[in-house]
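As structure tokens, the structure follows; a few thoughts come after it.
The values are calculated or read from the model by the stated rules, or taken from the named source; none is laboratory data. These numbers were taken from a predicted model, which means no experiment stands behind them. Quick reminder, even Gly has a Cβ in these numbers, built from the backbone with ideal geometry, and neighbours come from all protein chains shown.
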Amino acid sequence: MAAKLDARNPAGFEKLRQSFTDRNPGYDLAYAHQTRNLKGAAASRVAFIQKGGGTMVLSNGQKSKFSIGDIVMIEPNVTLDMDSLTNLVIFTVPEALPANIPDFVRPDWDPNITDTPGGCATETNAYRRILLTWMDKVGPYLFHSINAHRVRIMDSFTHYHPKKGGFDEFYLVQMVLPDAKLITSHYVTEIENPAAVTADQATHLLQIHDLEVSDLIYLPRGTVHRGLGGVLAQVITVPGFVPGSEIGVDHHLKAINDRLDLPSPTSVPYNRIAAESAVIK
């Protein structure tokens, strides 16, 4: 499920929001297009800067420069003003904001946030900066209501987050190379039973989507996904990135190809390194 955040009322956004809030009671999602201010709200909010740059001022007196990729942690009844037109994706969260997290989380400017390869970007030179984390051993700002890492994805492993004990995920796309793509599937049961997949079924197991800047992709629990081709995205998880809830399926996809001897271009795409064995992260 996707929306293109390039208009004041982007197509598909309300449907995406409704699907998300139905699955996650206590949360909400909003989009502010080319705005200079946000009014106060009764609940805590986490706002992601998608477009714009300049200076922000919160009504609690805090002030900061800002740019795309930053997060603003907004306490209840606090307003936000900006000196330039800005696009924001705003999550309402059910928990109070932790006192040890700064109001402005800036992955490219905060010395506490450094590159941490892993997840969807395992190469040693990966740009993967963890803004809000489930575990303090991987990042300084611990918050279980929502997690986020800004990451450059070249070729991730194919995986899903289980419906029970897992989490929903968003890709907020901020830069792309010409071949940036997202592969998805809702056929988890079939993929995990490769011996039963027919050649006809194999052609429909995965869907390939071209990615563009300002795409907001919603991946509910149980959705298989893989990013590749060069995409810089804010990867947002609700409630948070639960360890052990990334279930890899590349070894199953390889087994389907091998058993059916599928030739290109009808072969099922998979990450070759991750297909060497079962992967759970």
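Quick look at the numbers
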item: All positions within the stretch 232-270 that are closer than 29 Å to Asp108 by Cβ and modelled with pLDDT of 95 or more; result: Leu232, Ala233, Gln234, Val235, Ile236, Thr237, Val238
item: Within the stretch 99-132, tally of residues that are buried (at least 17 other Cβ atoms within 10 Å of the Cβ), farther than 14 Å from Ile236 by Cβ and at pLDDT 90 or above; result: 5
item: Listing of strands (runs of 3 or more DSSP E) fully contained in the stretch 154-257 that carry 2 or more residues being aromatic (Phe, Trp, Tyr); result: 168-176
item: Residue satisfying all of: in the stretch 16-53; among the aliphatic types (A, V, I, L, M) and over 19 Å from the mean Cα position of the chain (by Cα); surrounded by the fewest Cβ atoms within 10 Å (Cβ to Cβ) among these; result: Ala42
item: Candidate set: the stretch 234-269, residues that are more than 30 Å from Ser145 (Cα to Cα) and hydroxyl-bearing (Ser, Thr, Tyr); chosen: the one surrounded by the most Cβ atoms within 10 Å (Cβ to Cβ); result: Ser267
